[in-house]
1. Inside the stretch 150-227, counting only helices (runs of 4 or more DSSP H) that do not spill past its ends, which hold 2 or more residues that are without any contact (Cβ under 8 Å) to a residue 12 or more places away in the chain and open to solvent by 30 Å² or more (accessible area, probe 1.4 Å)?
2. Hey, can you tell me all the residues within the stretch 104-126 that are part of a loop (DSSP other than H, G, I, E, B), free of Cβ contacts under 8 Å to residues at least 40 places away in the same chain and not aliphatic (A, V, I, L, M)?
3. Give me the pairs, please: first residue somewhere in the stretch 37-50 and over 15 Å from Met8 (Cβ atoms), second residue anywhere and assigned to a strand (DSSP E or B) and of a type in the set (S, T, N, Q), beta-carbon distance under 6 Å, and either six or more positions apart or on two chains.
4. Tell me, please, whether a residue that is at pLDDT 95 or above, open to solvent by 20 Å² or more (accessible area, probe 1.4 Å) and under 15 Å from Glu201 (Cα atoms) can be found in the stretch 124-131.
5. Return the pair list, or none, for Cβ contacts closer than 7 Å from residues in the stretch 86-100 that are at negative phi to residues that are open to solvent by 70 Å² or more (accessible area, probe 1.4 Å), at least 6 apart or on different chains.
6. How many of the residues making up the stretch 44-98 are part of a loop (DSSP other than H, G, I, E, B), open to solvent by 60 Å² or more (accessible area, probe 1.4 Å) and farther than 27 Å from Ala173 by Cα?
7. Within the bounds of the stretch 13-34, is there any residue that is in contact (Cβ under 8 Å) with a residue 40 or more places away in the chain, open to solvent by 70 Å² or more (accessible area, probe 1.4 Å) and closer than 12 Å to Val64 by Cβ?
Amino acid sequence: MVDIERWMEALAGKLTGVFGPRLLFLGLQGSYGRGEANEDSDIDVVTVLDRVELADLDAYRAVVRDMPEGEKACGFLCGAEELKSWPKYDLLAVARDTRGVYGRLEPLLPPMGREDLADAAAIGASGLYHAAVHTYLYAPREQWPSFLKNAHKGAFFTLRALHELRTGENLRAKRELLPRLEGDEREILAYSLSPGGEPPEAAFARLLRWSAAAMAWAQKAEHANIP
């Protein structure tokens, strides 16, 4: 598996060599950032430059491709002005899930509050609901296991936003969040860590039930501190 600390240190050195002071921030998110990576994990890099032009993307791609196992790299890159204009519900996931390696992300971010967190939870839940319905109706049954694995993996970010709305506690890792959840929420997160042997219909039913309830709760929670 990639020695991620050395890998990111080497990447930071190469990027500062190419971009100099134009590199404002470099960080790590995803499974490597949370300490949950395995041999198949992508390396989710967050990069902010002062601005981004096509030539900058070409230069960045060349650096990443030259890194050992650079084919595993993916993630988020943008310019400073774009970051300030980014939809906040989407930007919250970047802010909550990123561990800094070079520079500081917080001063580059716009102000974000409870309404944005509620939007993130509601939009995340609605996306999962729609995808589950669409897949159950129209995808071949043999594609269901792959969908369910990815959907439960993505549900973590909505579960984390809901937990923060309820408690004010921002937890970065799945295994930190799991013991604090109950019912469908706990089962969904447990499934993302280790898909069980239950019939796929049961997993779909739970995903639909939970995402519908999460949408409704997030909408109510947007302007009020409710349990």
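The values are calculated or read from the model by the stated rules, or taken from the named source; none is laboratory data. Computed from a predicted structure; not experimentally measured. Cβ: placed from backbone, ideal geometry, glycine included. Neighbour counts: every protein chain shown. SASA here: full protein model, heavy atoms, side chains in, ligands and nucleic acids out. Shrake-Rupley method; radii C 1.70, N 1.55, O 1.52, S 1.80 Å.
1. Numbers: elements: 174-177, 183-193, 200-221.
Answer list for the stretch 150-227: 183-193, 200-221.
2. If we filter the stretch 104-126 for residues that are part of a loop (DSSP other than H, G, I, E, B), which is where we start, we get 104-105, 109-113.
Subset that is free of Cβ contacts under 8 Å to residues at least 40 places away in the same chain: 109-113.
Across the stretch 104-126, the qualifying residues are Pro110, Pro111, Gly113.
3. Close Cβ pairs (under 6 Å, with a partner that is assigned to a strand (DSSP E or B) and of a type in the set (S, T, N, Q)) do not exist here.
4. For the stretch 124-131, residues at pLDDT 95 or above, open to solvent by 20 Å² or more (accessible area, probe 1.4 Å) and under 15 Å from Glu201 (Cα atoms): present.
5. The qualifying pairs are Tyr89/Ile123; Ala93/Phe157.
6. So in the stretch 44-98, the residues part of a loop (DSSP other than H, G, I, E, B) come out as 50-53, 66-69, 86-87, 98.
Those left that are additionally open to solvent by 60 Å² or more (accessible area, probe 1.4 Å): 51, 53, 66, 68-69, 86-87.
Subsequent filtering for residues that are farther than 27 Å from Ala173 by Cα retains 51, 53, 66.
The number of residues fulfilling the criteria is 3.
7. Yes.
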